[in-house]
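Working notes, structure below.
The values are calculated or read from the model by the stated rules, or taken from the named source; none is laboratory data. All of these numbers come straight from a predicted model, not from anything done at the bench. Using ideal geometry, Cβ is built from the backbone for each residue, glycine included, and neighbour counts are taken over all protein chains shown.
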Amino acid sequence: MAIHHDKLAYGKLASLNEGVSEDRLNNMLDLLNAESGEICDIHVHTCFSSDSKEDPEKYILKAIELNQNYLGFSDHYDYDYVLWNIPAKMPALDLREHTLSQLKKKYADQITILNGLEVGYSKEAEPHYKKLIKNGNFDYIINSVHGLKDRGDCYFAEFFKGKSKEQAYSDYLNAVYSSVIADFDYNVIGHIGYVARNAPYKPQELFYSEFAEIIDKILKAIIERDVCLEINGAVGNNSAKFTPDTDILERYIKLGGKNFTYGSDSHRVDSYFRKGEEVKNFLKSHQIYGTYVFEKGKKIFVEF
Ligand SMILES: [Zn+2]
Ligand SMILES: [Zn+2]
């Protein structure tokens with residue numbers, strides 16, 4: 001935490017104090033604080049997601065080892081797939097809630113565990129999510145587009161069959177826009193650019209310049225709704241730095257956006273906090289000095 005880091009920094013600098021100007025000392029202090037600041041990983045999947053087998057406790061131990069104060073679990077909840085008749089195992093929410101609350105208690109004096117959920121967006125699923133979120137006990141909701149009706153998940157080749165890059169990415173981005181203006185309460189728009197993670201095109205990247213109009217529409221709607229834009233550390237097999245890539249993130253900042261969350265999108269503990277430091281450095285270089293976490297829907301700014 002900031003106070004703890006300040007003390008730590010002063011302690012480390014005490015012996016250097018003699019002969020060092022106050023400005024220089026403050027600069028060094030800033031640097032030390034920056035190095036020990038925290039960017040919170042709130043996009044993590046566990047065995048409660050159909051595509052992960054990971055034990056939630058392993059992430060907690062890893063986060064404590066990294067001296068972090070927050071960790072957010074965001075298992076998949078794909079009611080869009082249920083409606084589209086795509087086989088998807090839904091999480092056992094009661095068991096999950098029980099497991100997370102036990103872990104939350106067990107580690108209460110070491111770390112704050114957040115109970116999030118990643119819902120797979122589709123227009124048809126909106127009423128279901130509205131009810132689920134209203135009656136649920138979630139700290140936050142990540143709203144993510146993973147696929148389209150009759151096309152399936154854009155991680156698979158089937159999604160792109162017979163479509164040009166322009167068509168496939170535009171279809172995806174139009175769905176993302178619908179997700180931003182969705183009729184249910186969510187906190188974060190997840191991984192814009194997911195479509196490009198495993199797409200068959202060359203170049204594969206979702207460039208802002210190629211889809212400027214629809215991306216601007218999305219980013220402006222995010223700002224207007226006052227929700228957070230996620231920087232996701234997973235990029236699949238394309239060469240983007242993050243999802244979304246830096247050109248889109250820079251455009252969001254230019255439009256006045258400053259509310260970010262970070263998530264590694266880990267499905268195994270090995271990739272926990274993937275690109276965490278790079279995301280932090282990217283944001284700092286754009287004068288953004290923290291990301292958000294949520295407790296019972298309440299937005300909390302955590303400084304680096
Ligand atoms: Zn996702
Ligand atoms: Zn995810």
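For residue 113, only one of the following conditions fails: (1) free of Cβ contacts under 8 Å to residues at least 60 places away in the same chain; (2) under 19 Å from the mean Cα position of the chain (by Cα); (3) within 16 Å of ligand 2 (Cβ to nearest atom). What is its number?
(3)
How about region 182-211: which of its residues are touching a Lys or Arg at 6+ places or on another chain (Cβ under 6 Å) and not in a loop (DSSP other than H, G, I, E, B)?
208
What residue, among those in region 258-270 that are more than 16 Å from ligand 1 (Cβ to nearest atom) and surrounded by 19 or more Cβ atoms within 10 Å (Cβ to Cβ), is nearest to residue 51 (Cα to Cα)?
Across region 258-270, the extreme among qualifying residues is 269.
From the set of residues in region 272-304 that are surrounded by fewer than 17 Cβ atoms within 10 Å (Cβ to Cβ) and part of a helix (DSSP H, G or I), which is farthest from ligand 1 (Cβ to nearest atom)? Quick ask: steps written out before the conclusion?
So in region 272-304, the residues surrounded by fewer than 17 Cβ atoms within 10 Å (Cβ to Cβ) come out as 277-278, 281, 284-287, 289, 295-301, 303.
Now drop any that are not part of a helix (DSSP H, G or I), which leaves 277-278, 281, 284.
Working: 277: 22, 278: 19, 281: 24, 284: 26 Å.
Across region 272-304, the extreme among qualifying residues is 284.
Go through (1) more than 16 Å from ligand 1 (Cβ to nearest atom); (2) modelled with pLDDT of 95 or more and name the single condition residue 75 misses.
Every listed condition holds for residue 75 apart from (1).
Name every residue in region 185-205 that is surrounded by fewer than 20 Cβ atoms within 10 Å (Cβ to Cβ) and of a type in the set (S, T, N, Q), in order of residue number.
198, 204
Restrict the check to region 43-56 and report whether at least one residue is part of a strand (DSSP E or B) and either touching a residue at least 12 places away in the same chain (Cβ under 8 Å) or closer than 21 Å to residue 107 by Cβ (or both).
There is at least one residue in region 43-56 that is part of a strand (DSSP E or B) and either touching a residue at least 12 places away in the same chain (Cβ under 8 Å) or closer than 21 Å to residue 107 by Cβ (or both).
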